[in-house]
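A.B. asks: Dropping a structure here in structure tokens format, bear with me for questions.
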Amino acid sequence: MRKTIPKIREFPDDGRIWRVDWFGGIERNEQVPSEPKIQLIISPVVDESDFAASKAVNHAERQIISIGVGQLPLVTVGSLWQNRRRLISVAGRTKLFSNLEISPEKVRVIKSDVIVDGAPLIPKRYHQIGAGLAAKCLAVEWQGDPYGVIIPVAEIIRFYYATSTDLARAIFFGGFRHNLGAIVNPVECGFNPIERQCVLKLRKEFSDSDAFIIGRILNSPEALASVHLIHDSLIKEAILGKARAYPESSFPFIGVTNLRARSKPIPSSEDKKWRFIIFALEHCTGPFPFDSIICVEIIVICALRMAMTFLMI
């Protein structure tokens with residue numbers, strides 16, 4: 001059991017192991033308006049031989065819980081919880097996707113219940129996502145299959161952007177678009193193109209480890225657009241009067257990457273190839289827009305390869 005990860009009180013406290021099956025929608029938080037809630041679809045484990053298997057859980061007892069988005073960094077699909085604490089064991093197996101091309105031509109936004117070639121992209125008999133049918137995913141082309149890699153948008157947000165509680169709250173509440181001054185002092189931020197060095201003055205709420213993510217967002221057009229899209233897509237659906245919203249986002253870079261992820265293979269009915277549902281991203285070699293970073297007053301200059309470690313769970 002990971003004692004460094006705090007309890008999440010919304011999980012059941014009944015002695016059973018519960019698996020996170022999928023992410024649902026974003027809801028208003030009447031108690032803390034500045035921190036929306038995100039739905040989690042969870043099921044009790046009945047067979048521990050393979051936590052990722054459909055038969056591993058009792059679907060009839062599936063539940064929906066809602067947690068503050070500030071807790072999103074602690075939760076992944078396939079994570080296991082007992083008495084409100086996260087366990088070391090997880091569902092899914094780690095796989096490396098080498099030379100994965102990230103570009104508008106190779107990545108598309110889809111709903112979790114999208115129909116491809118007359119059949120659900122995620123067949124119910126292989127993985128049930130319950131109330132998460134409308135949740136958005138990114139489909140990335142892999143080995144000629146445009147749906148070869150399927151990543152929940154919430155996982156994209158958790159791994160690339162909402163890596164801490166403070167960042168998660170700022171991102172979902174639109175801080176980078178509407179209140180950047182609450183995150184950094186823009187006057188004391190900059191970029192040295194000769195040395196490819198990012199300079200930041202963080203507000204006291206944010207840690208040095210947050211600096212790598214904030215620096216990427218502020219200096220990468222793709223990352224900034226993706227962060228804006230998270231908040232804007234929620235506002236758009238709220239204007240339409242929907243009870244819950246399903247955010248959109250994308251990768252913080254364009255180019256080729258080696259992506260390591262905990263995943264679950266599912267067969268493709270059309271050509272008998274394997275597709276992969278991504279439960280949790282673990283490592284990505286996608287480029288940062290800087291080689292080093294300095295936080296004003298507290299200097300933390302790190303090589304880019306060191307920065308990447310902060311993106312690992």
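A.B. asks: Only one residue in ARG177, ARG216 is part of a helix (DSSP H, G or I), charged (D, E, K, R) and modelled with pLDDT of 95 or more, so which one is that? Step through it out loud before you land on a result.
C.D. replies: On the way: ARG177 fails: modelled with pLDDT of 95 or more.
The unique qualifying residue is ARG216.
A.B. asks: While we're on this one: Name the residues in the range 11-39 that are open to solvent by less than 40 Å² (accessible area, probe 1.4 Å) and among the aliphatic types (A, V, I, L, M), would you?
C.D. replies: ILE17, VAL20, ILE26, ILE38
A.B. asks: Would you confirm whether or not the range 40-47 contains a residue that is crowded, with 22+ Cβ neighbours inside 10 Å and within 18 Å of ALA162 (Cα to Cα)?
C.D. replies: yes
A.B. asks: Shifting gears a bit: Given the conditions (1) open to solvent by 40 Å² or more (accessible area, probe 1.4 Å); (2) among the aliphatic types (A, V, I, L, M); (3) under 30 Å from PRO267 (Cβ atoms), report the number of the one that ILE122 does not fulfil.
C.D. replies: Only one criterion in (1) open to solvent by 40 Å² or more (accessible area, probe 1.4 Å); (2) among the aliphatic types (A, V, I, L, M); (3) under 30 Å from PRO267 (Cβ atoms) is unmet by ILE122, namely (1).
A.B. asks: Ok, one more. If I filter the range 234-264 down to residues being in a helix (DSSP H, G or I) and closer than 18 Å to ALA135 by Cβ, which single residue comes out as nearest to the chain's Cα centre (by Cα)?
C.D. replies: Of the residues in the range 234-264, the ones in a helix (DSSP H, G or I) are 234-239.
Adding the requirement that they be closer than 18 Å to ALA135 by Cβ leaves 234-238.
Numbers: LEU234: 16, ILE235: 19, LYS236: 20, GLU237: 20, ALA238: 21 Å.
Looking at residues that are in a helix (DSSP H, G or I) and closer than 18 Å to ALA135 by Cβ, I get LEU234.
A.B. asks: Any residue at all in the range 151-171 that is in a strand (DSSP E or B), surrounded by 21 or more Cβ atoms within 10 Å (Cβ to Cβ) and of a type in the set (Val, Ile, Thr)? Step through it out loud before you land on a result.
C.D. replies: Just the residues of the range 151-171 that are in a strand (DSSP E or B), to begin with: 151-152.
Remaining after also requiring surrounded by 21 or more Cβ atoms within 10 Å (Cβ to Cβ): 151-152.
Next, only the ones that are of a type in the set (Val, Ile, Thr) stay: 151.
There is at least one residue in the range 151-171 that is in a strand (DSSP E or B), surrounded by 21 or more Cβ atoms within 10 Å (Cβ to Cβ) and of a type in the set (Val, Ile, Thr).
A.B. asks: Can I ask one more? For the range 103-115, which positions are under 14 Å from VAL149 (Cβ atoms) and out of contact with any Leu (no Cβ under 9 Å at 6 or more places or on another chain)?
C.D. replies: Answer for the range 103-115, where residues must be under 14 Å from VAL149 (Cβ atoms) and out of contact with any Leu (no Cβ under 9 Å at 6 or more places or on another chain): just SER103.
A.B. asks: Continuing with this model, one more query. Which strands (runs of 3 or more DSSP E) does the range 22-115 wholly contain that include 3 or more residues that are in contact with a strand residue (DSSP E or B) (Cβ under 7 Å, 6 or more places away or on another chain) and polar (S, T, N, Q)?
C.D. replies: Numbers: elements: 37-44, 63-68, 79-82, 85-90, 93-102, 107-111.
Hits in the range 22-115: 93-102.
A.B. asks: Now for a different question. Report yes if PRO146 is over 19 Å from the mean Cα position of the chain (by Cα), outside any strand (DSSP E or B) and surrounded by fewer than 21 Cβ atoms within 10 Å (Cβ to Cβ), otherwise no. Lay out the reasoning, then the answer.
C.D. replies: Values: over 19 Å from the mean Cα position of the chain (by Cα): yes; outside any strand (DSSP E or B): no; surrounded by fewer than 21 Cβ atoms within 10 Å (Cβ to Cβ): yes.
Against the criterion (over 19 Å from the mean Cα position of the chain (by Cα), outside any strand (DSSP E or B) and surrounded by fewer than 21 Cβ atoms within 10 Å (Cβ to Cβ)), PRO146 does not qualify.
A.B. asks: Go through the residues of the range 190-209 one by one and say whether even a single one is among the hydroxyl-bearing types (Ser, Thr, Tyr), within 18 Å of the chain's Cα centre (by Cα) and more than 11 Å from CYS295 (Cα to Cα). Step through it out loud before you land on a result.
C.D. replies: Keep residues of the range 190-209 that are among the hydroxyl-bearing types (Ser, Thr, Tyr), which gives 207, 209.
Checking which are within 18 Å of the chain's Cα centre (by Cα) leaves us with 209.
Filter once more, so that each one left must be more than 11 Å from CYS295 (Cα to Cα): none.
Among the residues of the range 190-209, not one is among the hydroxyl-bearing types (Ser, Thr, Tyr), within 18 Å of the chain's Cα centre (by Cα) and more than 11 Å from CYS295 (Cα to Cα), which makes the answer no.
A.B. asks: Which one of the conditions (1) part of a loop (DSSP other than H, G, I, E, B); (2) closer than 26 Å to ILE42 by Cα does VAL140 fail to meet, given that it meets all the rest?
C.D. replies: Only one criterion in (1) part of a loop (DSSP other than H, G, I, E, B); (2) closer than 26 Å to ILE42 by Cα is unmet by VAL140, namely (1).
A.B. asks: When you scan the range 239-270, how many residues do you find that are open to solvent by less than 60 Å² (accessible area, probe 1.4 Å) and either free of Cβ contacts under 8 Å to residues at least 12 places away in the same chain or of a type in the set (Lys, Arg) (or both)? Working first, answer last.
C.D. replies: In the first step, residues of the range 239-270 are kept if they are open to solvent by less than 60 Å² (accessible area, probe 1.4 Å); the result is 245-253, 255, 257-259, 261-264, 266-268.
Still in the running and either free of Cβ contacts under 8 Å to residues at least 12 places away in the same chain or of a type in the set (Lys, Arg) (or both): 262, 264.
Residues in the range 239-270 being open to solvent by less than 60 Å² (accessible area, probe 1.4 Å) and either free of Cβ contacts under 8 Å to residues at least 12 places away in the same chain or of a type in the set (Lys, Arg) (or both): 2 in total.
A.B. asks: Scan the range 214-233 for residues that are of a type in the set (A, V, I, L, M, F, W, C) and either within 23 Å of CYS198 (Cα to Cα) or surrounded by 23 or more Cβ atoms within 10 Å (Cβ to Cβ) (or both) and jot them down. I'd like the intermediate steps shown before the answer.
C.D. replies: Step one: list which residues in the range 214-233 are of a type in the set (A, V, I, L, M, F, W, C), which gives 214, 217-218, 223-225, 227, 229-230.
ILE214, ILE217, LEU218, ALA223, LEU224, ALA225, VAL227, ILE230, listed by residue number.
A.B. asks: Which condition number in (1) out of contact with any Gly (no Cβ under 6 Å at 6 or more places or on another chain); (2) in contact (Cβ under 8 Å) with a residue 12 or more places away in the chain; (3) hydrophobic (A, V, I, L, M, F, W, C) is the one that ILE115 fails?
C.D. replies: Checking ILE115 against (1) out of contact with any Gly (no Cβ under 6 Å at 6 or more places or on another chain); (2) in contact (Cβ under 8 Å) with a residue 12 or more places away in the chain; (3) hydrophobic (A, V, I, L, M, F, W, C), the one that fails is (2).
The values are calculated or read from the model by the stated rules, or taken from the named source; none is laboratory data. Values in this document were obtained by computation on a predicted structure and should not be read as measured data. Counting neighbours? That spans all protein chains shown, and the Cβs are built from the backbone with ideal geometry, glycine included. The accessibility values were calculated without ligands, DNA or RNA, using every heavy atom of the protein model including side chains. Shrake-Rupley method; radii C 1.70, N 1.55, O 1.52, S 1.80 Å.
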